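Structure, as structure tokens:
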Amino acid sequence: MVRYCPNCGAKNKDNSKYCVKCGKLISMDIHDINKNSIPSNKNRKENFNEEKQDENGLNKNILIIAIVIILCTGIIAGAVIFSSNNSSNQQNDTNPDQNQQNTDTNVNNPSSGSGSSSATAVSNLKIISGSVSTGSSDSDKSYCHVYVGSDHAGDSVRISALFSRDGNNLNEGRIVSTNVDSAGYVDVNSADGFKYYPDQIILTLYDSDGNRQDQKTVYLSATSGTQTF
């Protein structure tokens, strides 16, 4: 039998006390050397458990990263959808409702029924002059007689009249459709009488497509009667 040097691993005789190669004292039995040279089952198990733990830790980290990515993607998608809906709502709020029924003002124009719904929108509409008649009680309605020019006679237009007193609106100034009469005038009445005489009126003129053409602010004496501008 041979004995291996624990220092250099050289072969030595079984009864050798010192290594013939390095001179190291040989005190271990051959069986001890063989035993130490082969990993024990316990060491193998510990190494396996460590590798398993490393693998589990890696899988856990990958799972956490995937969850974070999914959450971030959901938050970004939600923000984009919210921004898109908000933008759409703002656009709808800024566009006038062209089909809304007039509940605030009535048009007093005998030729209003003769206009064609398919008429081409006119341009260069201007509020040239006119008059405002204010009622004397809650039962009397105020109305405006607005001159836009006889060259627009028969044209389809839209107009709004916003009455106010001391900075407080007396009506909502709804937009109504009408036709210019043969003399070049547009008449628009308030839907109801006012408790107070108006001291200001804002007239806004549109073409038949709802594009604003002109606007005029008229300052009034807060009394009953007809006032021109």
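Computed values, structure above
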{"item": "Filter pass, G23 being modelled with pLDDT of 65 or more, surrounded by 10 or more Cβ atoms within 10 Å (Cβ to Cβ) and assigned to a helix (DSSP H, G or I)", "result": "no"}
{"item": "Odd one out for V148, checked against (1) over 38 Å from the mean Cα position of the chain (by Cα); (2) over 16 Å from F229 (Cβ atoms); (3) not charged (D, E, K, R)", "result": "(2)"}
{"item": "Unmet criterion (only one of (1) small (G, A, S); (2) farther than 16 Å from S131 by Cα; (3) in contact with a helix residue (DSSP H, G or I) (Cβ under 7 Å, 6 or more places away or on another chain)) for G210", "result": "(3)"}
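The values are calculated or read from the model by the stated rules, or taken from the named source; none is laboratory data. Just so it is clear, the model here is predicted, and its values are computed rather than measured. When we count neighbours, we look across all protein chains shown, and the Cβ atoms used for this are built from the backbone with ideal geometry, even at glycine.
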